[in-house]
Each structure stands twice: as C-alpha cells, then as structure tokens.
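Structure first, commentary second.
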C-alpha cells in the first residue's frame, strides 16, 4: 500500500465532542491516533499513540469522516507537525475566563489547525488526489466514493469549523477568526 487513509474521528464529549486525527495503517483498521487530551480548565497535552482497536469500536465513538490520504513515506511527518501546534492552554480560573476577549480553543480548533498545516505542507492529500497530482482516487478508481470533511454539507456552523484551514468559526463571537503565531486573534 502506497497510501494510508486519514480520518477525522469524533468521540462523545461534553460540552462538545472530542476530535482527533486517525491514520489507518493496518488491514484490521487499527493505526495511529493524533490528538490533544485534557480540558480547558487545566490545559491540554498532545498525544499520539498506536490504537489497539478500530476507533469505531470505542464506546464513545460518534463518527469517522475521511479527510484524505497520506503517503506511506510521509506518515512520520505527521507527529512533528502535530507537536509543532501548541495544545490548547488553560483558559479558566475556576468559573472565570482567563482572557474573555479570546475565543475558546479546544481540541476541535487544534485538530482543524493541524489539518490545515498537514494540507499546506503536502502531507495530507485530498481523497481525490494521487501522488502524481491527477484527480482520480488513490485506489485508481475515478468515482468520488470517499467522503471528506469539506464535502459534508451542514447548514449550521459549529464552533471550530474551518472554511480553509486558516479561518475558523467562533460560535461565541459569530464570526471567523485566525489564531496568529503570537497568540493574538484576527477576525474577519
């Protein structure tokens, strides 16, 4: 196999569902999970791990959407890219927001940021993109049978949705934002 499928995995969580990136590397559907864990009361930590079972078998599994593909030789590039995106920091002191002017940044935002970086660096290929850049599916078929996060049509935006891997939706502020490298936010 020259490519591995890459998925956005959603697990049941509160107040919002947990998002993670999953690369299926084995024939039995197992692979590697890349995500941040913790909460915004205490701060989050990055974690990557080999999964002992398919994500679909977890008791808290909600959904799996194919984002695209990663070349076998690029699999090792995912972890450093994930590590390069700081996990969400502590954003509350008890019930009070530390910085109420900043949108909350949780696992959904972190995951969307990483997906954008993986695409920008050519690690995450679209479901319909091959290594040569032609527009057939990785398996050689020409049909559009692979769903992507971008192709799912929702009428309502959710907090952390991205339109291009750069701009993210803030449900609280009802506008698009970008987190700058210096930790400040830019709104559109």
Taking residue 75 as the residue in question, decide whether it is touching a helix residue (DSSP H, G or I) at 6+ places or on another chain (Cβ under 8 Å), surrounded by 13 or more Cβ atoms within 10 Å (Cβ to Cβ) and either touching a residue at least 60 places away in the same chain (Cβ under 8 Å) or closer than 19 Å to residue 120 by Cα (or both).
no
Look at the range 1-36 and say how many of its residues are without any contact (Cβ under 8 Å) to a residue 24 or more places away in the chain and under 16 Å from residue 87 (Cβ atoms).
0
Meets criteria (over 22 Å from residue 117 (Cβ atoms), in a strand (DSSP E or B) and either under 17 Å from the mean Cα position of the chain (by Cα) or modelled with pLDDT of 95 or more (or both)) for residue 6
no
Within the range 104-116, identify whether any single residue is at pLDDT below 75 and either more than 15 Å from the chain's Cα centre (by Cα) or assigned to a helix (DSSP H, G or I) (or both), and answer yes or no.
no
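Across the range 48-61, which residue is farthest from residue 81 (Cα to Cα) among those that are in a helix (DSSP H, G or I) and in contact with a strand residue (DSSP E or B) (Cβ under 7 Å, 6 or more places away or on another chain)?
Taking the candidates together, the pick is 56.
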Unmet requirement for residue 64, which otherwise passes all of (1) touching a residue at least 40 places away in the same chain (Cβ under 8 Å); (2) part of a helix (DSSP H, G or I):
(2)
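The values are calculated or read from the model by the stated rules, or taken from the named source; none is laboratory data. Small disclaimer: the values here were computed from a predicted structure and weren't measured. Here Cβ is always computed from backbone atoms with ideal geometry, including for glycine, and neighbour counts include all displayed protein chains.
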